[in-house]
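Report on the following structure.
The values are calculated or read from the model by the stated rules, or taken from the named source; none is laboratory data. Note that the structure is a prediction, hence the values are computed from the model and not measured. A quick note on method: Cβ atoms are made from the backbone with ideal geometry, for glycine too, and the neighbour counts reach across all protein chains shown. Accessible surface is based on the protein model in full, side chains and every heavy atom, while ligands, DNA and RNA are left aside. Shrake-Rupley method; radii C 1.70, N 1.55, O 1.52, S 1.80 Å.
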Amino acid sequence: MTDVAQVVRFADGEGYERFMGRWSRVAGRLFLDWLSLPTGLKWLDVGCGTGAFTEILKQSSGASEITAIDPSTAQISYAQSRKRVEGIQFQVADARSMPFDDERFDAAASALVLNFIPDREKAVSEMRRVVRRGGTAAAYVWDFANRRGTSQHLHSAVRELEGPGYRPAELNAE
């Protein structure tokens with residue numbers, strides 16, 4: 001994998017929540033259903049942002065403990081201000097150098113974040129380090145490489161309106 005050319009930071013929690021919160025919740029529910037892990041686990045949410053996935057994790061997993069990290073102080077502050085976060089430990093931390101002991105968690109998840117972390121390999125290595133032997137480290141991302149990000153839905157809708165010859169501008173440059 002190649003690194004992200006520039007570090008992307010999301011600082012406007014309210015704006016991000018309006019734009020991506022609902023997508024994060026829908027994808028998060030599907031992801032947790034797919035993982036189908038037992039209840040009572042100690043979870044780590046890596047790159048929690050506004051806490052949208054963290055809330056789904058709390059509602060769906062029956063976790064005994066949830067810790068959520070993000071490098072953005074603004075995002076952590078926004079996540080902590082939400083109504084359904086009681087009992088979740090939020091902290092500012094870098095996914096590439098987590099402040100946790102080895103094998104501290106039963107499961108770690110990164111929801112829609114790895115695309116934005118420089119040195120993703122290091123972040124995944126850190127997830128593996130902090131998850132106990134036999135535990136689960138899992139992640140999912142938008143498939144930007146195959147044009148399967150959130151914009152695919154917009155392009156599909158426009159294609160329906162414009163007809164079968166429609167091609168998004170970025171594809172016309174080929």
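Of the helices (runs of 4 or more DSSP H) lying entirely inside segment 75-174, those containing at least 1 residues that are closer than 17 Å to residue 45 by Cα and modelled with pLDDT of 65 or more are 120-130.
Filtering 32, 37 for residues that are modelled with pLDDT of 95 or more, part of a helix (DSSP H, G or I) and not basic (Lys, Arg) leaves a single hit, 32.
Provide a single number: the residues in segment 49-65 that are at negative phi, outside any helix (DSSP H, G or I), open to solvent by 10 Å² or more (accessible area, probe 1.4 Å) and out of contact with any Leu (no Cβ under 6 Å at 6 or more places or on another chain). Going through segment 49-65 one residue at a time, the tally reaches 2. The residue pairs whose first member lies in segment 43-62 and is closer than 11 Å to residue 90 by Cα, whose second member is part of a helix (DSSP H, G or I) and open to solvent by 10 Å² or more (accessible area, probe 1.4 Å), and whose beta carbons are closer than 6 Å, counting only pairs six or more residues apart or on different chains, are 50/16; 50/17; 50/78. Of all the criteria given as (1) without any contact (Cβ under 8 Å) to a residue 24 or more places away in the chain; (2) open to solvent by 60 Å² or more (accessible area, probe 1.4 Å); (3) closer than 24 Å to residue 117 by Cα; (4) not aliphatic (A, V, I, L, M), the one not satisfied by residue 89 is (1). Which members of segment 96-108 meet the condition of being touching an Asp or Glu at 6+ places or on another chain (Cβ under 6 Å) and among the aliphatic types (A, V, I, L, M)? If the condition is that a residue be touching an Asp or Glu at 6+ places or on another chain (Cβ under 6 Å) and among the aliphatic types (A, V, I, L, M), then 98 is the only one that fits.
For the condition modelled with pLDDT of 95 or more, over 15 Å from residue 112 (Cβ atoms) and in a loop (DSSP other than H, G, I, E, B), residue 44 does not qualify.
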